[in-house]
Amino acid sequence: MIKEPLLNNNTAKGGFRTLPFIIVNEAFEKLASYGLTPNMILYLTEEYGMQNVAATNLILLWSAASNFTPILGAFLADSYVGRYWMIGFGSIASLLGMSLLWLTTMIPRSRAPFHESTDNSSSPTAIELFVLYSSFALMSLGAGGVRSSSLAFGADQLSKRDKDVGIYESYFNWYYATSGAAVLIGMTLMVYIQDKMGWKVGFGIPVILMLISAASFFLASRFYIKIKGKTDLFSGIAQVPVAAYRNRHVPLSSQVTCDFHHESESRCLLPSDKLRFLNKACIIKNPQEDLTPGGRASHPWSLCSVDKVEEFKALIRIVPIWTTGIMLSVNMSQSSFLVLEASSMDRHITSGFEIPAGSFGTFMIVCIILWIALYERVIVPLASKVRGRTTRLDVKHKIGVGLLSSCIAIASLAVVESFRRKLAIKEGFSDDPKAVVNMSALWLLPRQIFDGLAEAANVVGQNEFYLSELPQSMSSIASSISGLGMSVANLVASLILSIVDNVTERGGKASWLSNNINKGHYDYYYWLIFCLSLLNFLYFLHCSKAYGPCKGEKEEGSDE
C-alpha cells in the first residue's frame, strides 16, 4: 500500500488534506478561549480587587465584543480581505491577547485581594489595567477573525467531487464535534488546572494551545485555496433605504404600471406589497439616465434591483423576532454569578472529589446535547408514530419553547439563591462571603437543565428561522445574526446590572448585587430578570402572530 503524506509537493490546491489543519486551528482556539472564561470572575475579584458588579460588567463587555467581532469579520472577509487573511489575523491577535493575559499573572502586584484588609492595599495601576484591557481586546479581535471565517474557509477547500462523495458532510460533522469537545474540555480540565495549580500555569497553558492553533493554520498555508473578497455586503444592504429615500417623491400607484429594475437572472419580477414604501428604490424613472447600455443601474445608490429590495425587506421583517432572543441571552449571561454562588456551596461529589465552581457551566452544554438527542431520537419518532406522519416543531414553536424554558430556569435560580442566602445567615456567615454553607451545589442543576433546553430549542430554532427566511444570497448574514443578538444582550445585561446596583444601594443600603453575596439580594435580581423574561415571552407571541406563516408552513403546516 502506498501512503501519501498529508502535505505533499504537488501543485494542486485545497482538498481533504487541508481540513485537519483548519479544524485544529478552530478547536484549539476555542479550547484556549473557553478555558479562560469560567474562572475569570474569580481572577478579577481576587487578584485585581474588583467588585462583583465591576468584574461582571467587564466580562459582559468582553463577551459582547467577542460575539460582535465575528460578524464584522465575516463582512470584511467576504467583502475585502478574504477568509485566509482574516483567520491568520485572528490567530495572531488571540495569541497576543492570551500572552498579555498570562503576563498579568507574572507581574508582582502591590495590592491585596478584596477579601483581605484594605488598609495597606492599593488600586490597580493604570498600566496594569491597560495590559488587562488590551488582552481582552486582542482576544475579542482574534475570536472575530477565526470564528467568522473558519467554517466557510474549510468549505472553500472542497470541490464538487468532494461534496458528492460525502467529504463535505463529514467535514461539518467533525468541525462541530471537535468544537464541542474543545468547549467541554476547556470548561472542565482547564478550570480544574487553574483551581489546583494557580493562575500562572492555568493561564499559561492557553497560550501554548493558541500557539499550536496558529502554527497548525499557517503550516498548510501554501496548499490552501484562497478566495478573495468580492462582494461589498455593507453597501448592498445600505443602498436600498438610501435609494428609497431619494425616490420618496416618485408615485407608486400600481405595481403593474411601474417599471422595475431587474438584473440578469433575477428571481423576482415584481416587489412584494409588504413594506411597500421600499419599492420606490427599484422604480426606473428614466431608462436612458438610470440604466447603462448593459442594463445595470447607473447610480446604485439611487436605483436598486427588485432582488435587493426583497432581500432588505426580509432582513427588516425578521428584526422583531430577532429582538426576542436578546432577553434569553441576558438570562444566559448570568453565569458569572453562578460561579460565585457555586463557590459558596458544597460542591463535593465524593469525599475526595469536588467540582470546580467554574465547571458548573458544562452541565448546560451536556444538557443541550442531551435535549437535542432526545428530540431527534425519541420525541420526533414517537410523535410521528402516534400521529401517523412526520411530526416536528416548526421554527417559531422551537423559539417559543426556548423562551418559556428560560423563564423557568431563572425562576429556579432565584428560589435556590433565596434558600442559600437564608441558610448562610442562619449559619452565621453574613460577613463571610467565602464561607461554604451546608447546601449542595447540585441544587443549581435545575437552572442548567432548563437553560440547556432553552439553548437547544431557541438558538437552533433561531438559526433555522434566519436561514429559511432570508434569501440564499444573505446566508453569511443569516449565520451570523444570532451572534449579533448575543453581543447586544451582553450590553443590555451590563446596563441592567449597573442600574440595579446603583438604584438599590441608595440611602446607604446594601446593594442587591453587593460584593458580599450573603448581604445582597441576588434572588431579587433574578426575580427581576424573570419578570423581564416573561414579558419578553408575551412580546414574542405578538411578534410571531404579526409575522405570519414562515416559508413552507402553508404547504407543510399539517405535518408540523
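The values are calculated or read from the model by the stated rules, or taken from the named source; none is laboratory data. All figures in this text were calculated on a predicted structure; none of them were measured in a lab. Quick reminder, even Gly has a Cβ in these numbers, built from the backbone with ideal geometry, and neighbours come from all protein chains shown. SASA here: full protein model, heavy atoms, side chains in, ligands and nucleic acids out. Shrake-Rupley method; radii C 1.70, N 1.55, O 1.52, S 1.80 Å.
A few points about this structure:
- Normalised by residue count, the chain yields a Cα convex hull volume of 215 Å³ per residue.
- Listed peptides 337-349, 18-30 appear in the order 18-30, 337-349 once ranked by packing, highest mean of other Cβ atoms within 10 Å at the front.
- By accessible area with a 1.4 Å probe, ligands and nucleic acids excluded, highest first: order of Glu46, Glu263: Glu263, Glu46
- Cα gyration tensor category, rounded, prolate or oblate, for the range 360-518 with a/c compared to 1.5: oblate
- Listed peptides 319-330, 188-199, 139-150 appear in the order 139-150, 319-330, 188-199 once ranked by packing, highest mean of other Cβ atoms within 10 Å at the front.
- Environment charge of Ile368, counting only residues whose C-beta is closer than 14 Å and scoring Lys/Arg +1, Asp/Glu -1: -1
- Karplus 3J(HN,Hα) series, Hz, for the range 345-361 with 6.51 cos²θ - 1.76 cosθ + 1.60 (x for Gly, Pro): 10, 6, 10, 6, 8, 10, 5, x, 10, 10, 6, x, 4, x, 8, 5, x
- Its DSSP H runs of at least 4 residues, each contributing -39,500 (n - 2.57), put the calculated 222 nm mean residue ellipticity of the chain at -20500 deg cm²/dmol, to the nearest 500.
- Cα centroid separation, the range 31-105 to the range 383-451 (Å): 28
- For the pair Ser134 and Leu535 in one chain, pulling the backbone fully straight at 0.36 nm per residue adds 140.6 nm over the alpha carbon distance.
- Among 355-363, 449-457, the order from most to least packed when residues are scored by Cβ within 10 Å on average: 449-457, 355-363
- Extension gain for Ile208 to Lys228 (0.36 nm times residue separation, less C-alpha to C-alpha distance): 4.1 nm.
- Restraint check, Lys228/Lys551; Lys308/Lys545; Lys196/Lys434, Cα-Cα greater than 22 Å: Lys228/Lys551; Lys308/Lys545
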